[in-house]
1. If you find the alpha carbon centre of the stretch 123-172 and of the stretch 33-106, how far apart are they in angstrom?
2. Note down the magnitude of the dipole of the stretch 34-166 about its Cα centre, charges +1 on Lys and Arg C-beta and -1 on Asp and Glu C-beta and zero elsewhere, to the nearest 20 debye.
3. With r as the distance between the Cβ atoms of SER148 and VAL19 and R0 = 25 Å, compute the FRET efficiency 1/(1 + (r/R0)^6) and round to 0.05.
4. Among DSSP beta bridges whose residues both lie in the chain, state the antiparallel percentage, nearest 5.
5. Tell me the label only: which of [x] 51, 35, 32; [y] 47, 34, 31; [z] 67, 45, 23 is Cα extents along the principal axes in Å as calculated from this structure?
6. Over the chain, average the accessible area per residue using a 1.4 Å probe and give it in Å², no decimals.
7. Counting only protein heavy atoms, what percent of the accessible surface of the stretch 96-171 is carbon or sulfur at a 1.4 Å probe?
8. What is the angle, in °, between the Cα long axis of helix 41-53 and the longest principal axis of the Cα atoms in the chain? Nearest 10 is fine, range 0 to 90.
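The values are calculated or read from the model by the stated rules, or taken from the named source; none is laboratory data. Small disclaimer: the values here were computed from a predicted structure and weren't measured. Cβ placement follows ideal geometry from the backbone for every residue including glycine, while neighbour counts extend to all protein chains displayed. Ligands, DNA and RNA are excluded from the accessible area calculation, which covers all protein heavy atoms including side chains. Shrake-Rupley method; radii C 1.70, N 1.55, O 1.52, S 1.80 Å.
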Amino acid sequence: FQRSERARHYRLTLRRDGVAVAIIPARGSEHEARVFVDQQREWLERARERQRLRPRGAAVWTLGTHVLWRGELQEIRPAVDGDKPVVALAADTFRVPRLQGDLRPTLEAHFVRKARVELPGRTWELAAETGVEVKTVTVRNQHSRWGSCSAGGVVSLNWRLIQTPYSVRDYIIYH
């Protein structure tokens with residue numbers, strides 16, 4: 001159970017780790033929250049089953065793992081670049097320290113670098129096309145948002161947009 005000064009209603013959510021969290025509004029009680037949770041048992045069971053059946057990405061990325069890249073699942077495969085270890089995702093290649101072990105940290109670092117170049121550039125292009133004033137574009141590691149903007153023209157984007165289809169990336173930037 002968690003209290004929230006901003007909540008107006010009781011709310012039940014299921015975290016990614018499977019833990020149910022009941023939000024208690026400022027004027028609510030834990031007793032009423034328990035009654036609310038009991039009333040939502042069927043929803044909670046369905047949500048847990050959906051979560052159990054949802055495909056999960058691999059925790060460890062090795063050669064042969066499929067990852068989302070530019071909107072499509074791509075297999076991480078070895079590539080040739082002289083004697084240096086390189087992997088390929090579709091037409092893109094990335095240098096890695098070695099071909100064995102978990103490639104995820106290295107590849108995600110490459111994705112972040114690409115995102116920090118491509119996403120601001122695309123944001124400025126779309127802003128020019130639409131006449132929207134953008135002052136600053138930042139690329140961050142947000143865990144629950146694809147992006148956000150302020151009235152002052154500051155746009156913040158999630159680096160993971162680099163993994164989505166171009167149409168999705170542009171939609172988020174437009175939004």
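1. Result: 23 Å between the Cα centres.
2. Rounded to the nearest 20 debye, it is 440 debye.
3. Details: r = 26 Å, r/R0 = 1.04.
After rounding, the FRET efficiency stands at 0.45.
4. Taking every DSSP beta bridge with both residues in the chain, the antiparallel ones total about 65 percent.
5. Computing Cα extents along the principal axes in Å and matching it to [x] 51, 35, 32; [y] 47, 34, 31; [z] 67, 45, 23 gives [z].
6. Result: 67 Å² of accessible area for each residue.
7. Values: 2430 of 4420 Å².
After summing per-atom areas, the C and S share lands at 55 percent.
8. Roughly 10 degrees between the two axes.
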